[in-house]
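The values are calculated or read from the model by the stated rules, or taken from the named source; none is laboratory data. What you see is a predicted model, and the numbers here were worked out from it, not measured in a lab. Ideal geometry is used to build each Cβ from the backbone, glycine not excepted, and the neighbour counts take in all protein chains shown. SASA here: full protein model, heavy atoms, side chains in, ligands and nucleic acids out. Shrake-Rupley method; radii C 1.70, N 1.55, O 1.52, S 1.80 Å.
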Amino acid sequence: MFEQFEQHLESRLPFLKNSKLLIAISGGIDSVVLAHLCHKSGLNIALAHCNFNLRGDESDADEDFVLQLADNLDLEVFIESFDTNEYAKKHKVSIQMAARELRYNWFEALAEQLNFDYVLTAHHADDNLETFLINLSRGTGLDGLIGIPEVNNHFVRPLLPFSSNDIETYAKTNNLKWRDDSSNASTKYLRNKLRHDVIPVLKEINSSLLQNFQNTISNLNDTADIIEDRIDDVFNKAVETIDNNQIVFKISEFKKLNNPKAYLFEIFKDYGFTEWDDVVNLLDAQSGKQVLSSTHRLIKDREHILLSELFVEASESIIIADTDKQVVTPLGILMFNEVDAIFGKQTNIIHVDKETLKFPLLLRKWQEGDVFYPLGMSGKKKLSKYFKDEKLSLLDKENTWLLCSGNYIVWVVNKRVDNRFRVTEKTKQILKIELN
């Protein structure tokens, strides 16, 4: 197995040879074999062990074993102890999910703090098959059927091509010692039930099950690559604009597709949406209709769908004194300078008669009922009517800020200055206000 492991590193994971690596080690046979293989290959490794304190003295014995293993291999080792039961209660998750979250969060923090390039875990081919069957039994899409990724950001799984039988044979041939987790024998959990009751029967029916499964996973991954290319093509055609606030999609591009729902799912699934019929219905909904996830929202705006992040609205306004030259705002930096003349015309710059201003100025979000006198007009106009005439989307409206002098609007920021504060022939002090 060692020669195969070396060949696998050379062909698929050559970047590990010159990397600083952290091995997630439980003390079980899989992670012990991974540690020995990596050590024998001369990789730059250290060990990281989680004590979840779920099995009393057995958990402490696992920790002692890992400490001894690190000493025998002359490796640096990191140990972290967790109150897993308390974490599960506090976050209202299962014990299994609590342990998963605790260990992966700790591995990531440790890697970042100590500059490890990758974290290695000991998932193998049988683990991959179990995960496939779990996802299949629960109902899933292609993502749930393509298996455990060999490389996922800085997590790497070098043992994925190898079976549990390969690993056990290597351990026994090399007289390795390991710890057996008593909880692995229980069929209380779905994974263990599949491992002990289902997969052995499948292997008995088909002795080539694992090899055939790996071929299937390879084929599914090839199909996933084709689909990803197609999704990227649709995404690029559908996107009209992207900025810091939103992504604007052309509805017409989705309506050209034979199955818009499938494409909408693939494009928006990573933003937390689950009500896919509602998302599809946005294509023909009235403007202003929204679909929310826990983190994002989709808004129908005439011939477009807008994707934006959900933010907690800041209720505070910003007070600007006469002496302020630069003010940091949610929109950027507002700069105030007196000038002798007006040069150019830009939406992010206005020139006003300073003597018409009443300080301190106030920067705030617009409110229903706000009225201003648009530059070039003699009369007043409700902001809501101005937004409608300008065909602003709901998101554009929500992101509109006003610069005010007393109860009067000086500037609908980045859009229109108020006529009452314009520079005239009688103006003695011209104030340039610029947003960068």
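The table that follows gives values for the structure above.
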item: Helix axis angle, 29-40 relative to the chain longest principal axis, alpha carbon, degrees; result: 90
item: Selection of chymotrypsin sites (Phe, Trp or Tyr not before Pro), the stretch 280-347, meeting DSSP coil and at most 12 other Cβ within 10 Å; result: F311, F343
item: Cα lying deepest toward the dipole's positive end in the stretch 1-112, options I45, S31, Y104, charges on Cβ; result: Y104
item: Mean ellipticity per residue at 222 nm, deg cm²/dmol - from DSSP H runs of n ≥ 4 across the chain, formula -39500 (n - 2.57); result: -11500 deg cm²/dmol
item: Helix 2-12 vs. the chain, principal-axis angle (Cα, 0 to 90°, nearest 10); result: 20
item: 0 to 90° range, to nearest 10: angle between helix 57-73 axis and the chain longest Cα axis; result: 80
item: Dipole moment magnitude, nearest 20 debye, the stretch 235-343 about Cα centre, only Lys, Arg, Asp, Glu C-beta charged; result: 660
item: When each of K365/K385; K365/K391; K17/K40; K261/K300; K256/K415; K325/K358 is checked by Cα-Cα distance, pairs over 23 Å; result: K256/K415
item: Charged-residue dipole, Cβ positions (Lys, Arg, Asp, Glu), the chain about Cα centre, Debye nearest 20; result: 2480
item: Listed candidates (1) 68, 54, 45; (2) 78, 47, 39; (3) 97, 51, 42 - label of the one calculated as Cα extents along the principal axes in Å; result: (3)
item: From phi via Karplus (6.51, -1.76, 1.60), per-residue ³J(HN,Hα) for the stretch 221-232 in Hz, x at Gly/Pro; result: 5, 4, 4, 4, 5, 5, 4, 4, 4, 5, 4, 4
item: Neighbour-limited loop hits for trypsin sites (Lys or Arg not before Pro), the stretch 151-192 (at most 13 other Cβ within 10 Å; DSSP other than H, G, I, E, B); result: K177, K188
item: For S41, distant residues with modelled amide H under 5 Å away; result: none
item: FRET efficiency estimate (nearest 0.05) - Cβ-Cβ, L331 to L136, R0 35 angstrom; result: 0.10
item: Cα-projected label distance for V151 with K428, points at 7 Å along beta-carbon direction, nm; result: 7.0
item: Loop-located trypsin sites (Lys or Arg not before Pro) in the stretch 325-367 whose Cβ has at most 16 other Cβ within 10 Å (DSSP); result: K325, K345, K358
item: Cross-link reach list, lysines versus K203, counting only Cα pairs under 23 Å and skipping chain neighbours closer than eight places; result: K172, K188, K193
item: Straight-distance crosslink candidates among aspartates and glutamates, where the alpha carbon sits under 15 Å from K428 and sequence neighbours closer than 8 are dropped; result: E338, D340, D353, E355
item: Amide H within-cut-off set for K365, under 5 Å, with H built and near neighbours excluded; result: L402
item: Filter on K269/K289; K397/K426; K345/K388 - keep pairs with C-alpha separation over 26 Å; result: K397/K426
item: Under Karplus coefficients 6.51, -1.76 and 1.60, residue-wise ³J(HN,Hα) of the stretch 334-343 in Hz, glycine/proline x; result: 8, 10, 10, 9, 7, 10, 8, 8, 9, 10
item: 1.4 Å probe accessible area per residue over the stretch 131-244, in Å²; result: 63
item: With at most 15 neighbouring Cβ atoms within 10 Å, loop GluC sites (Glu not before Pro) (DSSP) excluded, longest segment of the chain; result: 77-274
item: Solvent-accessible surface (1.4 angstrom probe) belonging to D229, in square angstrom, nearest 10; result: 100
item: Calculated from backbone phi, Karplus (6.51, -1.76, 1.60) coupling profile of the stretch 349-364 in Hz, x at Gly/Pro; result: 10, 10, 10, 10, 7, 4, 5, 7, 8, 10, 8, x, 7, 10, 9, 8
item: Exposure of T424 as accessible area (Å², to 10), given a probe of 1.4 Å and all protein chains; result: 60
item: Within-15-Å neighbourhood charge of I350 [Cβ basis; K, R +1; D, E -1]; result: +3
item: Residues with amide H under 5 Å from that of V371, placed H, sequence gap 5 or more; result: L383
